[in-house]
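Since the structure comes first, as structure tokens, the remarks are kept for the end.
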Amino acid sequence: MAAGDLKGMSLDELDDQLAKLKKEQFNLRFQKASGQLENTSRVRQVRRDIARVMTYATQKRGGASSAVKSAAKSKPGA
């Protein structure tokens, strides 16, 4: 999944994508436990895609930027 695809998505679409990826991650873990997993690199790709989607969702919600700004303002030497 490309980062450019995520930038154009709305918050609801990001949440839907996150749910799909977590479901896929669960299925991959189940396949690994039962010895049926063929493409082991997909586990890593899905994990990174989940992190990427969560990052964009946090940015759209405004959580990351406001937390960084408030931390920078509260530093005494800044």
Give me the pairs: first residue in the stretch 42-59 and free of Cβ contacts under 8 Å to residues at least 40 places away in the same chain, second residue among the basic types (Lys, Arg), beta-carbon distance under 9 Å, and six or more apart or on different chains, which are they? Val43/Arg29; Val43/Lys32; Val46/Lys22; Ile50/Lys22
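Is the stretch 13-20 home to any residue that is among the aliphatic types (A, V, I, L, M), at negative phi and touching a residue at least 24 places away in the same chain (Cβ under 8 Å)?
Applying the first criterion (among the aliphatic types (A, V, I, L, M)) to the stretch 13-20 yields 14, 18-19.
Of the ones still in play, those that are also at negative phi are 14, 18-19.
Filter again for touching a residue at least 24 places away in the same chain (Cβ under 8 Å), leaving 14, 18.
For the stretch 13-20, residues among the aliphatic types (A, V, I, L, M), at negative phi and touching a residue at least 24 places away in the same chain (Cβ under 8 Å): present.
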Looking at the stretch 23-44, which of its residues are loosely packed, with under 13 Cβ neighbours inside 10 Å and closer than 19 Å to Thr55 by Cα? Lys23, Arg44
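Just so you know, all these numbers are worked out from the coordinates, no wet-lab data involved. As the structure is a computational prediction, the values presented were derived from the model and not from experiment. Positions of Cβ are generated from backbone atoms using ideal geometry, with glycine treated the same way; all protein chains shown enter the neighbour counts.
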